[in-house]
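See below for the structure under consideration.
The values are calculated or read from the model by the stated rules, or taken from the named source; none is laboratory data. In this text, all values refer to a predicted model and were calculated from it rather than measured experimentally. Ideal geometry is used to build each Cβ from the backbone, glycine not excepted, and the neighbour counts take in all protein chains shown.
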Amino acid sequence: MKKLIFLFSIIITIDVHAKSENTAPLLVEKRVCSENQYSSFGIYNQCPESPDGSRIIYTVYDYYPDEVKMVSPVSLWICDSNLNNHRLIKKLEYETCNHNGAFQQWVDNNSIAYSGTHIKKVNNKYFKGGIIVINADTGKIEYGPYTGGFLSDNSYDGKLMMNIQFEDTNLGTKGLYELDTKSGIVKCLFRNSDFIKFRDKHNWSGNKEPKLWSITHSMYSTDGSHIAFSVHTHGQGGHQQFFTCKADKTDIVYWGTDFPGHFLWYDENTLWGSDYNVDDGQTNDRFFKRWNRHRNYIETLSGPGCHTAASADRQWFAGDTSYNSDPIKLFLYKKGMATPSAVIFEHKFPDITWKARGHVNPSFSRDGKRLYYNRAISETMKQAYYCDISEIVRN
């Protein structure tokens, strides 16, 4: 077998000034992939590090999936956290789009889950989609494929949810499913039809038939006791209808369509995100805020942002500029501060970022000393990067 040798990691040093009397420490950005690889981390706030922090996972595309092609064949790569020992783990069965990589995420230190695109049809070509769990060292399939959908936004204690939205699925019907990788048991949490009563009570717009809906953005709370998800009605006037409940499917709380932008769980039972339309009596200023499950405002966490990320101790937050902005910036906030402690990067490549949906998707490292993100370096190249923020967060 021929050995492939790549020159990995480029260092970009930027003199960044926070909006204060003091100059922020010098920030150093490092490219994770090789120079010519079009690459991506997963969805926002999904740390690419293994739970023990020793390895990093990223997706490499065969080519740039622009707004016309939209999808590309991809591969999963792993490197050590010091950016050494890059290796190809697996050429994936499913193509994916520019949006969230292959939704790749660590299930534990030895297993990785991934899925194909959430897009159903491109240029008259239909995609099945599918979810697979593999061994992180050998690439051998441990579970799956479970066809017809894509992964949840996170996993918890060996469990992951699967958003099954395509007709062609080997799980039976559209809905939200859960795989327990410790037992191998798959169970259906909700079928689309379970939400008909909410459609009728709240007069949902968009498609009326449950078979035309999809469940998306499923997510475990920090202790796994609750889950959140959206039911997207699609069609003319379609919206995402936001729900939370306990992990055993009890105590279902319907929020509506005015949920926080790029919502995340703050802890075991409260949520946070970008306040661009939450109907809570607060100003819709896109600041990062926190609410309980019943939409009651708790606190303002930081200044404005779009895609969301939080450190494990919830003392630091990261977010990018709003959709269609130019330039695109990534901000780092200390909790309670309206102005950023640092601007991690700034670039003027709006087409690849917004039209082609090559979103920044920030996330913090396990120890909170790095910020990972996708960075456009031209209008045809997006790559996986991180920035060492240890000098900032220790203050």
Requested in this report: Could you give me the residue pairs with C-beta distances under 9 Å whose first residue belongs to the stretch 211-237 and is among the polar types (S, T, N, Q), whose second residue is assigned to a helix (DSSP H, G or I) and at pLDDT 95 or above wherever it lies, and which are 6+ apart or on separate chains?
Outcome: S214/N192; T233/R199; T233/L212
Query raised in the report: Pairs, please: C-beta under 8 Å, at least 6 apart or cross-chain, first residue surrounded by fewer than 15 Cβ atoms within 10 Å (Cβ to Cβ) and in the stretch 167-194, second polar (S, T, N, Q)?
Result: D168/T147; N170/T147
Query raised in the report: Out of all the residues in the stretch 61-88, which are within 20 Å of the chain's Cα centre (by Cα) and among the β-branched types (V, I, T)?
Result: V71, V74, I78
Requested in this report: Give the number of residues within the stretch 303-328 that are of a type outside the set (D, E, K, R) and not in a loop (DSSP other than H, G, I, E, B).
Outcome: 10
Requested in this report: Being surrounded by fewer than 22 Cβ atoms within 10 Å (Cβ to Cβ) and modelled with pLDDT of 95 or more is the filter here, so list the residues in the stretch 107-131 that pass it.
Outcome: D108, N109, N110, S111
Query raised in the report: Going by the structure shown, is E95 buried (at least 16 other Cβ atoms within 10 Å of the Cβ), closer than 30 Å to W213 by Cβ and acidic (D, E)?
Result: yes
Query raised in the report: Can we say Y94 is at pLDDT 95 or above and either out of contact with any helix residue (DSSP H, G or I) (no Cβ under 6 Å at 6 or more places or on another chain) or among the basic types (K, R) (or both)?
Result: no
Query raised in the report: Among the candidates R290, R286, which residue alone is buried (at least 18 other Cβ atoms within 10 Å of the Cβ), farther than 26 Å from D367 by Cα, touching a strand residue (DSSP E or B) at 6+ places or on another chain (Cβ under 6 Å) and without any contact (Cβ under 8 Å) to a residue 40 or more places away in the chain?
Result: R286
Report summary line: Inside the stretch 140-162, the number of residues satisfying the requirement of being free of Cβ contacts under 8 Å to residues at least 60 places away in the same chain and either assigned to a loop (DSSP other than H, G, I, E, B) or polar (S, T, N, Q) (or both) is 4
Requested in this report: Would you mind telling me which numbered condition in (1) surrounded by 17 or more Cβ atoms within 10 Å (Cβ to Cβ); (2) among the charged types (D, E, K, R); (3) farther than 22 Å from N82 by Cα R375 fails?
Outcome: (3)
Query - Positions within the stretch 330-370 being aromatic (F, W, Y) and more than 18 Å from A312 (Cα to Cα), in sequence order - result: F345, F349, W354
Query raised in the report: Has the stretch 215-233 got at least one residue that is more than 28 Å from I112 (Cβ to Cβ), among the small types (G, A, S) and at pLDDT 95 or above?
Result: no
Query raised in the report: Restricting the search to the stretch 165-190, which residues are over 17 Å from A102 (Cβ atoms) and not in a loop (DSSP other than H, G, I, E, B)?
Result: G175, L176, Y177, E178, D180, I185, V186, K187, C188, L189, F190
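Based on what the data block shows, is Q236 modelled with pLDDT of 95 or more, crowded, with 21+ Cβ neighbours inside 10 Å and of a type outside the set (F, W, Y)?
Answer is no for this residue.
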